[in-house]
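Read through the structure below, which is laid out as structure tokens, and then see the notes.
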Amino acid sequence: MSDIQKDIQNNDSNIKIIAFLCNWCSYGGADTAGTSRLKQPSEVRIIRIPCTGRVNPLFPMKAFIDGADGVLISGCHPNDCHYIEGNFYARRRLEVLKYFIDFMGIEKERFDYQWVSASEGQRWQQLIIDFVERIKKLGPIGKCET
Amino acid sequence: MDRLDILKEKVKEILPEVDFVIGYSKGFDILHPSPYFVSEERQIRNLIWDEFCINNFANYLPPPKRVPNGLFKQDEKIGLVVKGCDSRSIIQLLQEEIIFRDTFIILGMPCEMKIDLKKLREKIDIDYIQSFNVSGDKAEVKTLLEKKTINLDEILYDKCLYCKYPNPLIYDYLIGDKVNPRSREGFYKDVDEFEMISNEEKISCWEKEFDRCIRCYACREACPNCYCQYQCIAQTRRPHWISQSTETIDKKFFQMFRAFHNAGRCTDCGECDRVCPVGIPISKIMKKLTKEVLRLFNYEAGVDEKLIPPLMTYKREEDNIG
Amino acid sequence: MIKKIPLNKVKNLLDDLSGDYKVFAPVKNGRSIIFDEYRSDKEVNLEKFSVTSIKEALFPSHEAMIKYDYKKDPSDLSKTSLSLKSEVNFDKTVIFGVHPCDARGFFTFDKVYAGNGYRDVYYKTKRDATAIVAITCANPLATCFCTTVGGSPADSEGTDVLLTKVDEFYYAESYSEKGELLLKNSNFSSPQGGVDNEQVLKIKEEAVQKLDKNFSTEGIENKLLKIFSDSDYWKNATSKCLSCGICTYVCPTCYCFNITDEGVMGRGERIRSWDSCMFPLFTLEASGHNPRARKFERYRNRINHKFSYLVIRNNIIGCVGCGRCIRHCPVSLDIREVVKGVID
């Protein structure tokens, strides 16, 4: 049995985290972490997206409604967007979304957006470990939250 | 001269230029005026203007809503009565370039106040209303069963109580004199209070509210900004974003994405809240968004036609994010 | 059988009943009164008019028709098994505190879902297990027009028990075996003779007199067909309509539904949920063509369905005159005016 499978089996926290990662930066960043054998928490399900600007705020909302305990969106650093300006739009939308879902009963700590470049494998590892810890502390999303 | 008389005269004047003018007429009782489409001169006498004329006629403007509906043709010109708050909806639609300024004439009505029937209903059983008279800052209400004097401040719409734009910001003709704006301070009071409560309380509160939603989509249809029509993902099967069931969670999800779709666009006209047959406080959700947009981007929707709505643009260095 | 019950014992009665039955009653929910399942912590309001009608009890806003589950065989992934479950079981139900018009609303459902043609098992089983307790409507509203369409505020048709409020009591008359069974509850007591009876009759008569007849429904089905192609009339009458679904969803006789499969990863339900002919999506065809794309066509269909098609096909007017669609319409579109316009 591989390490990952063991990890999944030992993982009794039942936390589900969805991460939307930009193809050009953060997905590469997570990949870099993987190829450098940096261990990542197994609670995270990664969805590759072309750009954070592609993220319709509906995506994270739907993820929460369908039972995700945390949603992380990550893309290129501002000014580094592959499509020049995608993440600038995303920044505005996601910032409003963060406070909005909090108002509707999904704690804003469950949601985050970050900038990770393809070379920052270590940064990705730290970030995702911290995020998973944060969600674990909050516990599974309440049934009525979803 | 009375504001209504000026309005009637103006309607008479512009009627030859337009196919019809949308104003208010009497509904089934004195509290429920109804939109009225004036296309002939003899209809003008039926127009009314009082504390209950609340409908936002900007909603009849977006072509996706009107043209396929056969309401009027693309090239027709119309006139409409527009209050201060409604004028913001029109500016917002102009900003989105969904409507064009030369296709309609705005009869701007400075507006003192409108009575919130949901608040009035808490004070008195308005099902049996007989008369409603305003004198000073009080209203005398008579129903079949009782008679009461009510402070106006207790029954005004929130948006009127803190009305910053009582005079239309955009108009072709201004009907009567301008009125004084009120202070905006305290407008977001209910939102602030709600933010302070615990997450569990928020959840159970929305749970209770959305439990009685019947998914009639009146909030959507009454909103001038909601013109997706067939494409609204609330009902489309492909893409299949949301279940058609009436589980509380689905209804809450619907309102969440409807609200967020209006982020940075909502002008707090309050139509969604007003039309809800089961009294879900939708405007509280919308106000939260306008509050955040104001805080983050220092932007109010529908105030300046030249500005770009905040979520359709960006700054390299954001002032309030980061 | 005639019995009476003091006003302050109604709560006891409902608590009693909810032991043996599923009880639906007009309860306060937030600022509104809606029909919902009764629980003792809910506040019942029998005086005011509820926003929603009682059709929710027999025709829920959504109900699962089938539950399905595709399962892969772990030893042979090419094999998939499908399990289907369809459950129709229904508890004995009492719908308490409705207006007589609401009770009549089920007549339309009966014709369509339990008539001579198709029998809808989901509706029919519930209908058979349900008893209706109505209350004489002593103070009709300005929007009420039940007498116009053949009802009455003191109508006993379609009810099992009719309550009439006299001072501090409700007088209860049963009209069926189900009703008599309900009146055996210990919270009811026997009334003292004829005086009360007269009072009840007087209240009923007064209530009827409070309502005017708005129009005559005689021959209306043909008049509507005649005016069908007069699109100017319909456009003018409905130009203010917003195409929302309030009128159809609060209506006690609107019975249209949509069937959708809701599930994820091969597992889910086939549900039937309310649909409204006011939505353009209601008639949108797969080709992209929409036979009722314009809202006057949709509204015309609603009126025609109620006052013409149902009359011709099932000999029943599909409107009970409860006035909900007028009261709750965001633009106060008055169905009476539209129908009156057809007749004139």
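Residues are listed down the side, and each one gets a yes or a no for (1) out of contact with any strand residue (DSSP E or B) (no Cβ under 8 Å at 6 or more places or on another chain); (2) within 14 Å of chain C (Cβ to nearest Cβ); (3) of a type in the set (V, I, T):
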| position | (1), (2), (3) |
| --- | --- |
| B:I170 | no, no, yes |
| B:G176 | no, no, no |
| B:S183 | yes, no, no |
| B:G186 | yes, no, no |
| B:E195 | yes, no, no |
| B:K202 | yes, no, no |
| B:R220 | yes, yes, no |
| B:Y227 | yes, yes, no |
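You will find that of C:C137, C:C101, the residue that is modelled with pLDDT of 90 or more and outside any helix (DSSP H, G or I) is C:C137 and no other. On the given criteria, is B:R237 within 13 Å of chain C (Cβ to nearest Cβ), buried (at least 21 other Cβ atoms within 10 Å of the Cβ) and among the basic types (K, R)? No, not satisfied.
Annotation: of all residues in region C:141-162 being crowded, with 23+ Cβ neighbours inside 10 Å and not β-branched (V, I, T), the one that is farthest from C:L13 (Cα to Cα) is C:F145. Residues considered: C:Y113, C:Y68. Of these, the only one that is under 22 Å from C:R272 (Cβ atoms), among the aromatic types (F, W, Y), surrounded by fewer than 23 Cβ atoms within 10 Å (Cβ to Cβ) and touching a Phe, Trp or Tyr at 6+ places or on another chain (Cβ under 9 Å) is C:Y113. Looking only at residues of region C:247-258 that are facing another protein chain (nearest Cβ under 9 Å) and either in contact (Cβ under 8 Å) with a residue 40 or more places away in the chain or part of a loop (DSSP other than H, G, I, E, B) (or both), we find that the one that is surrounded by the most Cβ atoms within 10 Å (Cβ to Cβ) is C:Y249.
If the condition is being facing chain B (nearest Cβ under 10 Å) and among the hydroxyl-bearing types (S, T, Y), then region C:51-68 contributes C:T52, C:S61.
In the condition set (1) within 11 Å of chain A (Cβ to nearest Cβ); (2) touching a residue at least 24 places away in the same chain (Cβ under 8 Å); (3) among the polar types (S, T, N, Q); (4) within 23 Å of C:E56 (Cβ to Cβ), B:T246 is compliant with all but (1). Applying the criterion of being surrounded by fewer than 19 Cβ atoms within 10 Å (Cβ to Cβ) and hydroxyl-bearing (S, T, Y) to the residues of region C:274-309, the residue that is farthest from B:S243 (Cα to Cα) is C:Y309. Taking the stated definitions as given, is C:I312 among the β-branched types (V, I, T), in contact (Cβ under 8 Å) with a residue 12 or more places away in the chain, assigned to a helix (DSSP H, G or I) and surrounded by fewer than 19 Cβ atoms within 10 Å (Cβ to Cβ)? So C:I312 passes the test.
For (1) within 14 Å of chain B (Cβ to nearest Cβ); (2) acidic (D, E); (3) touching a helix residue (DSSP H, G or I) at 6+ places or on another chain (Cβ under 8 Å), each residue gets a yes or a no:
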site	(1), (2), (3)
C:E198	no, yes, no
C:I203	no, no, no
C:K213	no, no, no
C:E221	no, yes, yes
C:D232	yes, yes, no
C:G245	yes, no, yes
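Among the residues of region B:127-144, write down those that are buried (at least 20 other Cβ atoms within 10 Å of the Cβ) and touching a helix residue (DSSP H, G or I) at 6+ places or on another chain (Cβ under 7 Å). Scanning region B:127-144 gives a single hit, B:A139.
The values are calculated or read from the model by the stated rules, or taken from the named source; none is laboratory data. Since the structure is predicted, the reported quantities are computational estimates derived from the model, not experimental observations. All Cβ positions, glycine included, derive from the backbone under ideal geometry; neighbour counts span all protein chains shown.
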